[in-house]
1. Which value does Rg/Rh take for segment D:234-284 over its C-alpha atoms, Rh per Kirkwood?
2. Could I have the simple spin-label model distance between residue D:555 and residue C:107, label points 7 Å from Cα toward Cβ, reported in nm to one decimal?
3. First obtain the Kirkwood hydrodynamic radius of segment D:282-550 from its Cα pairs, then insert it into the Stokes-Einstein equation at 10 °C and 1.306 mPa s, and state the resulting D in µm² per second as a whole number.
4. Give the angle, between 0 and 90 degrees and rounded to the nearest 10, that separates the Cα long axis of helix D:260-270 from the longest principal axis of the Cα atoms of chain D.
5. Please report, to one decimal in angstroms, the Kirkwood hydrodynamic radius of segment D:1-131 built from all distinct Cα-Cα pairs.
6. Counting each pair of different Cα atoms once, what's the Kirkwood radius of the protein assembly as shown in Å, rounded to one decimal?
7. For segment B:2-90, what does the equivalent ellipsoid look like in terms of its semi-axes, each the square root of 5 times an eigenvalue of the Cα gyration tensor, given largest first in whole Å?
8. Gap in Å between the Cα centre of segment A:101-148 and the Cα centre of segment A:1-75?
């Protein structure tokens, strides 16, 4: 390996390590009691009837961050679609139906609906219990891909019309943005959670716009992960290069 | 008691991170990363962050390793078909 | 020791990931190392927000005010961070796949196109 | 009015989302018009807000107004520099979209609006970063900006260099972003706040009379590492030539014109709001760090720029050199320095984008951006030749271009021997561009010999970005650079424009001090001097070709640019250490 790189790595790494260790010694002790922002966030969450404080921070107090996060996911998925598109010198090969062992197939087909429902449940209860649009969306999208194990690739492609998922990904982002802009139209702030009643604490409809934004994120994440996995699967299974190019 | 659990989870995290870096074969690294994701999920739960633990489990232990595996498969498959093509050409 | 251990672990993970990234011979492995680097940020953020004896900030089965809760803000930040990490990993892997196609290798030592 | 601030982000993102949602049903022209309209609307919004930015606006997103000085929401700032950057970003995006009108061969199958959508998302991300007043929010938009930029850089997947450059860009920038996030974590641990202003006050309160400690230093180093990676300061700069040389031309215009400058802007914003107080990093240390790194950056990049034959890479190095100059300018921490850099950035954006646009014409006409093989071939492109030459003179700082005004004001602010750095760096980079003009467009001088092929990237045999080689240059590809150059010119001659910029910059920072900005005799003379020097250098290079073959002492420097991502990561760690060492004295002294 390159000598210079090792020297740089040794010197730079040691220097940064020394700096970080010195900084760690200056940090407030682990488990300390002073969390001013955290305490304010808990208070704000309770005044808006959102039982899961993290959902309140994500979809109400710092909903603008979540907008950025969503857009990152959206842009990255769009980027992956563009980067993994079929190039001029590639063609699609129909994959052979793979033999899957029977127990695996049965297991996958049983787990699939369970996982799908779990995902949706986790999305729906985001403002009440741990979980939410993001976690549930990933679970639901990954669950769909159990079909790859349970049946075969072509079955998966049938239940997974990619264009629909791409559209729903984009529509979910638009929904989030429109909900945010509704605040501006109503004369208050962008993403203001003051338009809907806050509802009864600890019920599914509590928290004003929190459940709506949460649902938009859930839809976006689920569609985005489906599209992402589909593109990688396509590469791994279907797209082939022309030989001799 | 809870301190001891946290310490164990932290040390496991550090160990699996080291293993993930030290494992130079990407397919095996994906498995180690999956372990790292699970250990982190446990650590987060111990640190009273079940929300984060759940998403780390979904993303770090499942999604990311899956993407890496698929990439490895693509790169390997590519290598194989190209080797085969090269052999055909040589014949 | 206990009061700095989590922070030190975070710093260690970051530096280990950097070491792996710099010495990697396989770009897919390098992306894995980048994911390791990022996990250090999760550990740091959550360690910062932890409070001894506190519970998760979810009040569905907890009477507000009955027990201290850990800092929810860092948890929200970490959630965002995890999404960011996964998407960046996916995008970079997509680029690695294209490199494998166009260069016929994923070994950074063999990529000699851009120099000087 | 202030409620409209987040729309700078929301409008382009909504446009991007809608384009993806319905893009595959639209004809291509409709998708491009949509992109144009959305981007233009955002630009108009940014300009309207900019005109109303005195006194500076503040908006709490979600209506979480502070109660007793404390808020749980995210703050965005609408002051002159923030909205000025947002307006610059939007106008340049508009120009890039106009330039790429019916540009790419064919949109990816089934994703007709994808390129436009990515450009809009990029615009939204840059606007979001510009107006961020919350450190974590700044990180989020920083990442969004990076992610879209990686995808756009690697857009031409058929090109081996493009995907390699994009990956290098992605790995180095992501690592920088994670370092920045670690820094944000440390700051949150110390102060328990995320809004930049609150963190700054928290640091001061925590320090008491003691001054900064290791934790402040570490967070400063980590946050600045992220921003300086984006700003491509030495030794964090290696990714930039690799990425800018390969990105599609419209994307290059944005990357070089504004994205890199947003890194500099971020350094200015974060230092001024977070670390400038008594609990932060002392002014002397910041000046030492930024002036040292900035000078090194300008010197290294000027040398590297001079010995390039790949025209886009040459322009990329000139961007690096100019970022070095910007860093020196904000590093001296005077109101005049800030004003000068602001004007410099505006002028540079126009000039550099125009130069990249002209390089794109070469690429699409001849399938090459190699100075050697194109020697004399572009004689027929008269308009482009004039634009390229004017751009080069603008880059050198010929009065009355905006670049010259900004440079003159900055030079006066830094004073002393640093002035020489400004004159030399701008003259060398502009000289290289003039040399290219003379050789490629006029065919002057002998055709240079190829040498050192293992140490350089040639730029010959590239794929054009349009559908096949262009036989005729579309009007958009000459109008856009012409307009950009005219804008850069107007910045310098527009009566009162300089003062307007200075007032809005000083209102936001610089502790309320107000500096007046106008042409001065020394400034004009220095501008003329660097232009004359650039012309002389260009002329010498053309008549004596051995001047452009790299001498032995430059070889190690060129070897550092190895194209190996592992090397760049090692340099990033080294850079963080150097930054820490440069800022260390104040912490020890405190």
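1. 1.17
2. According to this spin-label approximation, the distance is 2.6 nm.
3. Diffusion coefficient, whole number: 85 µm²/s.
4. Between helix and principal axis, roughly 10 degrees.
5. After inverting the mean inverse Cα-Cα distance, the result is 15.3 Å.
6. 28.5 Å
7. 37, 14, 5
8. First find each Cα centre; the distance between them is then 28 Å.
None of the figures in this text is laboratory data; all of them are computed from the coordinates on show. What you see is a predicted model, and the numbers here were worked out from it, not measured in a lab. Backbone-built Cβ (ideal geometry, glycine too); neighbour counts: all protein chains shown.
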